[in-house]
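Working notes, structure below.
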Amino acid sequence: MRRDPDVVLAAVQNKGYAMKYAGAELVEDPTFMMKIVQECSRTYKIAGLKAYEFSPLEYAQTNVRKNKAIVLEAVSRQPFALCFADPELRDDAEFVIACVTKNGLALEYVSKRLKMNMMIVETAIKGNPNALIYASADVRHDPGIQKMVKEMLATRSFSTVK
């Protein structure tokens, strides 16, 4: 049953943590993992309160964690999914721009080097001004960034997090 994609999909749709019991051939299969990301990434709530978040990338094999399309799809659903991506992806400026464009809060999980990149931080805070807390201290205190965030908050001119 651990190797049956339909059984695993149904189990993970019911309880996200069931992913840890999936067969190795499934968690390294990019097609299966994309389907799991699309159908099963979510936040679980208990009594209406956020209890925990589930990202299938947590259980994915290295080849899936390096797959830009799968990681970007996961990040578009939950920014914390980026923490499970391959470290090289989290340090790839072009890929990180795509991630923070989808969800500015993904800035929390990018490499330290890219948290100092003004263009990446600006892109992230355009999507969500709260992403500023994840930028490097130098960028957070930059007068231009501070002004941009204040203007955005005053006019509410930013996209909403998905």
Practice prompt. When a/c is below 1.5 the answer is rounded, else prolate if a/b is larger than b/c, else oblate, so apply that to region 96-162 with a ≥ b ≥ c taken from the square roots of the Cα gyration tensor eigenvalues.
Written response: oblate
Worksheet item: Largest first, how would Arg77, Arg65, Arg156 line up by accessible area (1.4 Å probe)?
Response: Arg156, Arg77, Arg65
Item to complete: Could you give the size of the charge dipole of the chain about its Cα centre, using +1 on the Cβ of each K and R and -1 on the Cβ of each D and E, expressed in debye and rounded to the nearest 20?
Response: 540 debye
Item to complete: Would you mind getting me the FRET efficiency between Met116 and Gln146? Use the beta-carbon distance for r and R0 = 25 Å, nearest 0.05.
Response: 0.95
Fill in: FRET efficiency for Glu28 and Glu53, using Cβ-Cβ distance with R0 set to 35 Å, rounded to 0.05
0.95
Worksheet item: Translational D (Stokes-Einstein, µm²/s) of the chain at 4 °C and 1.567 mPa s when Rh comes from the Kirkwood sum over C-alpha pairs?
Response: 78 µm²/s
Worksheet item: At Cys83 and Glu39, where each label point lies 7 Å from the Cα along Cα→Cβ, what is the point-to-point distance in nanometres?
Response: 2.7 nm
Worksheet item: Is any residue of region 111-138 close enough, with backbone N under 12 Å, to a label point placed 7 angstrom from the Cα of Thr155 along the Cα-Cβ axis, and if so, which?
Response: none
Item to complete: Over the chain, calculate the relative contact order: mean separation of alpha carbon pairs under 8 Å at least 6 apart, over the residue count, as a percent.
Response: 14 percent
Item to complete: Among the listed pairs Lys68/Lys126; Lys20/Lys112; Lys20/Lys68; Lys15/Lys115; Lys66/Lys147, give every one whose C-alpha distance is greater than 32 Å.
Response: Lys15/Lys115; Lys66/Lys147
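The values are calculated or read from the model by the stated rules, or taken from the named source; none is laboratory data. This structure is a prediction, so every number in the text was calculated from the model and none was measured. Cβ sites come from the backbone with ideal geometry, for glycine too, and all protein chains shown count toward neighbours. SASA here: full protein model, heavy atoms, side chains in, ligands and nucleic acids out. Shrake-Rupley method; radii C 1.70, N 1.55, O 1.52, S 1.80 Å.
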